[in-house]
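The values are calculated or read from the model by the stated rules, or taken from the named source; none is laboratory data. For clarity, every value in this text was computed on a predicted model and none was experimentally measured. As a convention, Cβ positions derive from the backbone with ideal geometry for all residues, glycine included, and neighbour counts pool all protein chains shown. Only protein heavy atoms, including side chains, enter the accessible area calculation; ligands, DNA and RNA are left aside. Shrake-Rupley method; radii C 1.70, N 1.55, O 1.52, S 1.80 Å.
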Amino acid sequence: MNLGHETEQVEFKKSTSELKEGMASIAAILNKHGKGTLYFGVKNNGDVCGQQVADSTLREISQAVGNYIKPAVYPLIALETSDEGSDYIRVEFEGKRAPYSCDGRYRIRVADEDVLLSSDEVRSFFIRTEDRLNPWDSQESNFT
């Protein structure tokens, strides 16, 4: 079974041994698009290779998202089975509070890569977010 190819909103990881890299991809995708999907048990070409999924695996992914991604996001984490019977994991996430960091670093998605943001780009992200959440025309003033 093939799930297509990686895009700016879709990332494939062969297994949860690449958990930290997956968290970096979540933050990068959130910063660029605000939502996306990460798959574990899928090769870069989209072929489902599967992975063994224990009871603790889904919890481990949930805890990694909580520990690495700031501000917090609450993804949908689902165990899926391919047509051939291989198990893989789908992680769907969404957030509107960019910029998001992974382990204190800010990234943005470019094609199928996660690129580190410069300090100027991070500053710009924070300014845009503040302007969106608290526009100047809604702020109190002593003037008419």
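Only strands (runs of 3 or more DSSP E) wholly contained in segment 1-115 count here; list those with 3 or more residues that are among the acidic types (D, E). Walk me through it before giving the result.
Details: elements: 10-13, 35-40, 76-81, 87-94, 105-110.
Filter on segment 1-115 gives 87-94.
State whether the residues of segment 101-113 include one that is farther than 22 Å from T37 by Cα and of a type in the set (D, E, K, R). Explain how you work it out, then say what you get.
We begin by selecting, within segment 101-113, every residue farther than 22 Å from T37 by Cα; these are none.
Checked against the condition, which is being farther than 22 Å from T37 by Cα and of a type in the set (D, E, K, R), segment 101-113 yields no hits at all.
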Check: Hey, E121 hits all of (1) crowded, with 17+ Cβ neighbours inside 10 Å; (2) free of Cβ contacts under 8 Å to residues at least 40 places away in the same chain but one; which does it fall short on?
Finding: (1)
Notebook entry, point to check: Can you tell which of I69, I77 is farther than 21 Å from T129 by Cα, β-branched (V, I, T) and in contact with a helix residue (DSSP H, G or I) (Cβ under 6 Å, 6 or more places away or on another chain)?
Noted result: I77
Next item on the list: Tell me which residues, restricted to segment 77-118, are closer than 12 Å to M23 by Cα and among the β-branched types (V, I, T).
Entry: V91
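Looking only at segment 98-113, how many residues end up being open to solvent by 30 Å² or more (accessible area, probe 1.4 Å) and not acidic (D, E)? Reasoning before the result, please.
At the first step, the residues of segment 98-113 found to be open to solvent by 30 Å² or more (accessible area, probe 1.4 Å) are 103-108, 110-113.
Filter once more, so that each one left must be not acidic (D, E): 104-108, 110-111.
Residues that pass the stated criteria total 7.
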Note to self: Consider segment 15-61. How many of its residues are more than 17 Å from P75 (Cα to Cα) and either touching a Gly at 6+ places or on another chain (Cβ under 7 Å) or open to solvent by less than 10 Å² (accessible area, probe 1.4 Å) (or both)?
What the structure shows: 8
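Return the total of residues in segment 89-108 being among the charged types (D, E, K, R), within 25 Å of D120 (Cα to Cα) and modelled with pLDDT of 90 or more. Explain how you work it out, then say what you get.
Keep residues of segment 89-108 that are among the charged types (D, E, K, R), which gives 90, 92, 94, 96-97, 103, 105, 107.
Narrowing the set further to residues that are within 25 Å of D120 (Cα to Cα) leaves 94, 96-97, 103, 105, 107.
Filter again for modelled with pLDDT of 90 or more, leaving 94, 103, 105, 107.
Residues flagged as among the charged types (D, E, K, R), within 25 Å of D120 (Cα to Cα) and modelled with pLDDT of 90 or more within segment 89-108 amount to 4.
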Checklist line | First in segment 124-144 and at pLDDT 70 or above, second anywhere and surrounded by 10 or more Cβ atoms within 10 Å (Cβ to Cβ) and assigned to a helix (DSSP H, G or I), Cβ under 9 Å, 6 or more apart | finding: F125/N31
Checklist line | segment 62-97 - residue that is open to solvent by less than 40 Å² (accessible area, probe 1.4 Å) and hydroxyl-bearing (S, T, Y) and, of those, farthest from K35 (Cα to Cα) | finding: S86
